[in-house]
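Please read the structure below before turning to the comments.
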Amino acid sequence: MSYPIFSVNCFKFNTSFWKYMAVLVFASLTPAVDVLAGDSKHSSETQQLMRGAYLTRVGNCMGCHTAKGGQPFAGGLRLSTSFGIFVTPNITPDKGTGIGLWSKADFWQALHEGKSRDGRLLYPAFPYTEYTKVTRQDADAIFAYLQSLPPISQSNPPSDIFFPYNFRPLLAIWRALYFKAGVFQPEQSQSDTWNRGAYLVQGLGHCNACHTTRNVLGASKDDALTGGQIMGMGWYAPSLSSRMEAGSGDWTTEEIVTLLKTGVTERAVTSGPMATVVRQSLQYLSQEDADAMAVYLKSLSENESGTVASGVTFSVMTGSLLKHLNQGRQLYDKHCKACHGADGKGVPGIYPALAGNRSVMMNPPSNAIRSVLNGGYPPTTAENPRPYGMPPFQQILRNEEVALVVSYIRNTWGNRSRLITAIDVDRNKDSRY
Ligand code: HEC
Ligand code: HEC
Ligand code: HEC
């Protein structure tokens with residue numbers, strides 16, 4: 001099933017927002033609270049709430065369960081997928097419109113088995129196919145935290161799912177084919193850190209909800225994070241196990257941690273949906289959990305050999321090709337050089353390098369084209385509160401010009417990859433992102 005487009009959630013700064021923030025701030029004060037908490041029952045409850053607040057961030061529950069400009073966790077966000085538009089439910093403890101009447105066991109059944117309180121089968125647009133790996137203890141902590149939020153009475157419109165997918169009982173067949181409930185099982189041969197990373201990446205972090213190839217029924221091919229086009233949106237989520245794409249076998253764990261927590265490193269910058277994931281979720285990872293994720297991610301491509309350059313390489317540059325690239329260079333000099341530099345090296349931490357950048361050379365080329373058409377910002381995070389952005393070129397350059405300039409940046413400064421056509425560009429213009 002497709003993964004949503006979730007755009008910037010601007011909260012209204014109202015009371016429930018501040019109550020919510022108070023819990024988050026509280027959550028960041030864990031050690032101090034430990035000392036202050038008097039009786040042990042109180043302290044274990046407080047600890048569970050803080051743990052729940054943190055895990056809810058790691059699972060990015062709020063990112064999907066909050067409408068644009070809406071109340072946190074009250075649902076109403078519209079997720080466009082190839083199966084229709086899903087409207088997320090209210091998961092605040094409101095008894096009428098939320099999950100106020102739910103028990104711990106009901107919640108476990110939803111997260112672990114993808115079944116609602118009344119036994120209704122849930123669509124995997126809710127990534128329970130990944131959340132099923134979460135332990136009961138963590139699920140209970142998330143539930144306790146959600147139940148501590150202010151109840152918000154908000155009924156959301158029904159989802160608008162296309163025929164025949166709107167026939168919920170069909171999900172029983174889908175589940176029989178593609179879903180197996182089961183908590184993450186650590187691999188004995190690996191370290192605790194690796195296992196913690198695997199648990200987070202495969203489970204709550206639900207990276208595979210995007211970083212995988214899906215069949216026509218929206219089921220993922222495997223859970224190996226081998227990359228895939230995200231259904232319902234034009235972005236390609238690269239393979240996290242291939243060095244040609246976003247594998248990090250030759251990165252240091254520090255560098256991976258920086259990418260996860262800030263979305264920007266000297267050789268890569270997160271864009272589009274991945275920038276949203278960093279902003280809404282990954283920036284809040286504890287140092288320990290970020291390290292663990294990095295160790296696991298690095299291991300996915302550690303033994304892979306391969307060079308970065310992909311696609312067609314040219315041993316001889318023909319006259320027409322040179323002319324083509326020369327036109328691209330002129331456009332680059334006029335529109336891009338000021339930020340990305342004549343040498344394509346950018347400005348570290350501010351403007352990403354395009355030279356040697358895998359996202360620029362990647363096939364499919366959709367992300368590079370989308371970056372040029374739509375512009376964008378790296379994620380706003382605590383460590384990078386005011387990132388520099390890139391303007392959209394959709395209105396400034398014609399499709400042919402975008403094709404020329406993208407072909408140029410894919411084939412200069414040592415970069416090599418297939419040329420882009422105006423048709424490639426046109427295909428990436430339908431974006432709702
Ligand atoms: C990718 C978007 C997405 C994320 C992330 C997400 N959800 Fe959901 N969730 C949905 C959608 C869509 C549904 C409705 C599915 C359906 O109608 O079958 C849903 C349904 C639910 C339900 C069932 C509600 C009901 O009334 O039956 C619960 C409970 C829930 N989510 C909790 C969570 C929690 C807890 C998290 C974080 C750990 C989370 N969700 C993260 C999209 C998401
Ligand atoms: C909502 C879909 C989505 C989810 C969920 C998601 N990603 Fe991504 N990710 C993308 C897309 C799209 C890109 C390509 C754009 C880019 O390079 O930033 C990407 C890129 C990346 C990159 C390469 C960044 C670069 O520029 O080199 C890494 C590493 C990555 N993701 C890791 C993760 C991890 C780890 C998780 C889970 C914790 C995750 N992603 C969850 C969509 C997603
Ligand atoms: C005002 C400065 C500025 C200008 C002008 C500019 N860019 Fe960018 N560019 C950026 C920033 C900042 C980012 C990071 C955006 C993000 O994270 O979404 C970026 C990102 C990119 C990316 C994605 C890189 C990646 O790793 O995912 C590509 C490709 C790109 N720019 C190409 C171009 C081209 C081609 C032009 C000219 C047509 C151009 N840029 C003009 C600032 C600029």
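What the table shows:
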{"item": "Cα pair distances in segment 233-373, grouped into 10 Å bins until the bin that holds the longest one, percent each", "result": "11, 36, 36, 14, 4, 0"}
{"item": "Segment 157-277, Cα convex hull volume normalised per residue, Å³", "result": "155"}
{"item": "Computed helical MRE - 222 nm, the chain, DSSP H runs ≥ 4 contributing -39500 (n - 2.57), nearest 500", "result": "-11500 deg cm²/dmol"}
{"item": "Mean accessible surface per residue for the chain, computed with a 1.4 Å probe while every protein chain stays in place, in Å²", "result": "47"}
{"item": "Phi-based couplings in Hz for segment 83-100 (Karplus 6.51, -1.76, 1.60; Gly and Pro marked x)", "result": "9, x, 9, 8, 10, 6, x, 6, 10, 7, x, 5, 6, x, 10, x, 10, x"}
{"item": "Relative contact order [Cα under 8 Å, 6+ residues apart], the chain, whole percent", "result": "14"}
{"item": "Inter-part distance where segment 370-433 and segment 331-350 are each reduced to a Cα centre, Å", "result": "13"}
{"item": "Residue-wise HN-Hα coupling along segment 352-358, computed from phi with Karplus coefficients 6.51, -1.76, 1.60 (Hz; x: Gly, Pro)", "result": "x, 5, 9, 5, x, 8, 5"}
{"item": "Portion, in percent, of the accessible area of segment 62-196 that falls on carbon or sulfur, probe 1.4 Å", "result": "55"}
{"item": "All-pairs alpha carbon distance profile, the chain, 10 Å steps from 0, percent", "result": "4, 20, 30, 25, 14, 5, 1, 0, 0"}
{"item": "Fluctuation leader among Glu130, Glu401, Glu45 - the chain, Gaussian network, Cα springs under 10 angstrom", "result": "Glu45"}
{"item": "Most mobile listed residue (Gly319, Gly234, Gly203) in the chain, GNM with C-alpha springs under 10 Å", "result": "Gly319"}
{"item": "Cβ-based net charge around Tyr128, under 15 Å, with every Lys or Arg adding one and every Asp or Glu removing one", "result": "+3"}
{"item": "Cross-link reach list, lysines versus Lys41, counting only Cα pairs under 25 Å and skipping chain neighbours closer than eight places", "result": "Lys19, Lys104"}
{"item": "In degrees, nearest ten, helix 136-148 long axis to first principal axis of the chain (Cα)", "result": "80"}
{"item": "Cross-link partners of Lys180 among aspartates and glutamates (Cα-Cα below 14 Å; sequence separation of 8 or more within a chain)", "result": "Glu113, Glu130, Asp222, Asp223"}
{"item": "Listed peptides 344-352, 379-387, 55-63, 208-216 by packing density, highest first (mean Cβ within 10 Å)", "result": "55-63, 208-216, 344-352, 379-387"}
{"item": "C-alpha long axis of helix 15-27 to longest principal axis of the chain, angle in °", "result": "90"}
{"item": "Over 25 Å (Cα to Cα) - which of Lys115/Lys261; Lys68/Lys298; Lys133/Lys429; Lys133/Lys221; Lys133/Lys298 fall in this group", "result": "Lys115/Lys261; Lys68/Lys298; Lys133/Lys429"}
{"item": "Cα convex hull of segment 347-430 - mean projected area over all directions, nm²", "result": "5.8"}
{"item": "Distant-in-sequence amide H partners of Thr81 (H built 1.01 Å from N, under 5 Å)", "result": "Phe86"}
{"item": "Descending Cα extents along the principal axes, segment 39-197, whole Å", "result": "52, 41, 27"}
{"item": "Hits among lysines - C-alpha to C-alpha of Lys345 under 21 Å, sequence gap 8 or more where chains match", "result": "Lys334, Lys337"}
{"item": "Relative contact order (%) - criterion: Cα under 8 Å, at least six apart; region: segment 374-433", "result": "25"}
{"item": "Using alpha-carbon coordinates, inclination of helix 399-410 to the longest axis of the chain, degrees", "result": "90"}
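The values are calculated or read from the model by the stated rules, or taken from the named source; none is laboratory data. Just so we're clear, the structure is a prediction, and the values are computed from it rather than from any experiment. Positions of Cβ are generated from backbone atoms using ideal geometry, with glycine treated the same way; all protein chains shown enter the neighbour counts. Accessible surface areas use protein heavy atoms only, side chains included; no ligands, DNA or RNA. Shrake-Rupley method; radii C 1.70, N 1.55, O 1.52, S 1.80 Å.
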